[in-house]
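For reference, the structure discussed in these notes is given below.
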Amino acid sequence: MTALDEVTWDLEELLGNHAAERPEDAIGSLLDEAEREAEAFAEEYEGGVGELDGDGLREAMSKLAGIGDLAGRALNYAHLRFAADTADPANGALLQMCSERSTAIQTKLLFFELEWAALDDERAEELLTTEGLDFCRHHLRLERRYRDHLLSGPEEKIATELSVTGAGAWSRLFDELSSAIRVGIEGEDEEATLDIALSRLHDPDREARRKAAEAITEALEPGLRTRAYVFNTLLQDKAIKDRLRSYPNWLSARNLSNEASDESVQALVEAVRGRYEMARRWYRTKARLLGIERLADFDRMAAVATDEETIGWEDGRELVQSSFDSLSPKAGEVVARFFEERWIDAPPSPGKRGGAFSASTVPSVHPYVMLNYTDRRRDVLTLAHELGHGLHQALAAPQGIFHQGTPLTVAETASVFAEELVFGRLLEAEQDPAARLGLLSEAVEGQIATVFRQIAMNQFEDRVHSARREEGELSVERFGELWAGTQEELLGDSVEVTEGYRSWWSYVPHFIGSPGYVYAYAYGQLLALSVYQLYRERGEEIVPGYLEMLAAGGSRSPEELGAMVGVDLTDPGFWDRGLDLVEGQVDEAVAAAEEVIGDDGI
């Protein structure tokens with residue numbers, strides 16, 4: 001067993017006072033308690049929210065927070081256990097049980113949101129001035145923004161009850177199907193998980209990349225029609241909900257939850273699309289570096305160095321920890337706890353969900369980070385990214401259950417900042433021109449993936465949601481056509497989109513479980529780069545405001561949070577200035593490439 005194999009999380013803390021029980025029994029006990037409290041809450045408050053005074057509102061919200069903590073502990077335990085091993089039927093059954101019971105609890109409490117939203121504005125604002133409501137004031141204001149999109153009480157209860165067998169169930173099925181995909185790669189004894197197979201696309205050898213891409217396409221094929229059916233079903237599910245709730249377009253509900261106007265999001269999308277040429281410029285340069293006339297899609301992530309550096313777990317951990325230590329002692333202390341107290345699950349394994357995430361869980365416990373660490377340099381940056389999320393979530397925990405989380409548009413701030421910190425250290429330590437180019441190329445490709453590719457994926461979503469509503473059920477070929485078309489718009493003549501790549505939309509979980517999510521990556525990336533640029537310019541001066549911003553969680557609007565570190569999100573030129581920072585990195589990488597090309601005579 002290696003050091004990495006031992007980096008698994010301990011979920012026992014989520015069970016709280018019931019940790020001594022068998023986990024399944026402990027989960028049941030938590031949900032029993034939450035259900036009893038929800039029933040008592042409904043008896044006390046249903047039909048009377050409009051009669052509450054300020055003190056009564058504060059007391060009611062405190063009780064809701066307590067119920068949310070109990071149910072949240074149970075549901076997060078089940079989600080995390082399922083993510084670590086989606087192949088075990090017991091984990092799936094536990095998650096389903098928790099989802100069903102949590103939904104039943106939520107249904108009992110729906111009345112409060114509806115009655116609160118029904119209050120007239122003057123009365124609501126009067127109540128919101130009550131002292132002691134800091135833990136929920138912003139949340140209560142946001143809830144009232146949904147007034148025009150709420151259904152009647154009975155309708156909302158039916159919708160909530162059916163959600164457990166609707167979108168949530170289809171999303172779980174997709175996760176199970178995707179996690180079960182195995183890729184047979186030539187020359188390897190065992191079939192690889194999809195994550196490991198995708199990592200082969202970084203191989204410096206083009207033939208190895210081509211074979212890996214073909215193997216991935218082949219592995220995606222058997223379940224492609226089923227995954228397409230799942231996607232079709234969820235597209236129609238959303239169309240029905242948007243119609244019933246009177247949302248003007250498929251993205252409006254997501255924008256509302258992100259505290260972003262439809263107009264501001266469209267401005268971001270158009271700003272990024274208007275500068276797609278940045279990505280194409282890099283890919284043309286990369287083709288020259290690789291000695292080929294034109295990249296194919298499987299060449300985009302190829303290592304430009306002939307021997308990509310590997311970084312083992314212990315070295316990666318030390319690098320990331322020291323980077324947070326350099327930012328501030330407080331940040332370093334929080335991050336150290338993730339390593340020391342088993343808040344991380346790092347090794348890839350059969351059945352484990354792909355990718356990486358940081359789950360905030362509930363404020364009374366702590367976040368948990370999941371990785372699939374394969375010793376690539378990119379994995380070190382992913383570790384930094386997820387621990388940035390973890391730092392953000394841990395610092396915001398005192399805000400409580402209503403304000404710990406942030407809108408998706410702000411949620412990437414700490415993660416991208418952390419990546420930039422670690423990348424800066426890697427680059428500073430590297431003196432060899434070819435190795436520096438390798439680092440710079442990874443950084444630029446990370447920007448392309450997070451800003452440009454996510455907007456291209458947003459455009460794919462836009463077209464499939466529109467096509468499903470206009471054309472009916474979409475075929476596998478139609479999905480592939482829309483996927484290839486939006487990718488070709490980004491890549492232009494710089495990259496060939498191969499026929500096999502047309503099915504690669506079918507493993508992206510965000511399209512399934514979080515429709516409209518992906519543009520937030522670009523939003524968050526450009527915001528985080530702006531904050532990091534201020535840090536580079538002003539150093540320690542910005543750190544207190546930055547940590548204060550993270551600690552504020554979602555207790556303020558994105559504009560107010562940005563102002564805490566000197567960023568004006570209301571400025572129409574904000575997106576272009578963020579893109580200017582990306583262009584500066586592209587310029588630096590292209591210059592380094594030209595130097596290497598000149599030296600090698602390529």
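The values are calculated or read from the model by the stated rules, or taken from the named source; none is laboratory data. What you see is a predicted model, and the numbers here were worked out from it, not measured in a lab. In this analysis, Cβ positions are derived from the backbone assuming ideal geometry, glycine residues included, and neighbour counts consider all displayed protein chains.
A few points about this structure:
- Filtering region 466-505 to residues that are part of a helix (DSSP H, G or I), over 19 Å from Arg273 (Cα atoms), in contact (Cβ under 8 Å) with a residue 40 or more places away in the chain and not small (Gly, Ala, Ser) leaves Arg468, Arg469, Val476, Phe479, Tyr501, Trp504, Trp505.
- In region 409-416 there is no residue that is farther than 26 Å from Tyr546 by Cα and crowded, with 18+ Cβ neighbours inside 10 Å.
- Taking region 328-354 as the range and being surrounded by 19 or more Cβ atoms within 10 Å (Cβ to Cβ) and at pLDDT below 95 as the test, the residues that pass are Lys352, Arg353, Gly354.
- Scanning region 178-193 for residues that are touching a helix residue (DSSP H, G or I) at 6+ places or on another chain (Cβ under 6 Å) and touching a residue at least 40 places away in the same chain (Cβ under 8 Å) yields a total of 2.
- Single condition Ala589 does not satisfy, out of (1) at pLDDT 90 or above; (2) buried (at least 18 other Cβ atoms within 10 Å of the Cβ); (3) assigned to a helix (DSSP H, G or I); (4) within 26 Å of the chain's Cα centre (by Cα): (4)
- Note on region 355-405: residues that are of a type in the set (A, V, I, L, M), farther than 15 Å from Phe339 by Cα and part of a helix (DSSP H, G or I) total 4.
Conditions (1) assigned to a helix (DSSP H, G or I); (2) more than 27 Å from Ile448 (Cα to Cα), marked per residue:
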position	(1), (2)
Ser199	yes, no
Glu214	yes, no
Ala219	yes, no
Thr233	yes, yes
Ala253	yes, no
Ala260	no, no
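- Pair list, Cβ < 6 Å and 6+ apart or interchain, from region 277-297 residues that are over 18 Å from Pro433 (Cα atoms) and acidic (Asp, Glu) to residues that are assigned to a helix (DSSP H, G or I) and modelled with pLDDT of 95 or more: Asp297/Tyr501
- Any hit, region 556-572, residues being touching a Leu at 6+ places or on another chain (Cβ under 7 Å) and charged (D, E, K, R): yes
- Residue pairs whose Cβ atoms lie under 7 Å apart, separated by 6 or more positions or on different chains, with the first residue in region 152-171 and under 17 Å from Leu75 (Cα atoms) and of a type in the set (Val, Ile, Thr) and the second at pLDDT 85 or above and in a helix (DSSP H, G or I), are Thr160/Thr103; Thr160/Gln106; Thr160/Thr107; Thr160/Leu110; Val164/Ser99; Val164/Glu100; Val164/Thr103.
- The residues of region 168-185 that are assigned to a helix (DSSP H, G or I) and out of contact with any strand residue (DSSP E or B) (no Cβ under 9 Å at 6 or more places or on another chain), listed by number, are Gly168, Ala169, Trp170, Ser171, Arg172, Leu173, Phe174, Asp175, Glu176, Leu177, Ser178.
- Evaluation of Gly405 against the conditions (1) within 25 Å of Arg556 (Cα to Cα); (2) small (Gly, Ala, Ser); (3) buried (at least 24 other Cβ atoms within 10 Å of the Cβ) shows that the sole unmet condition is (3).
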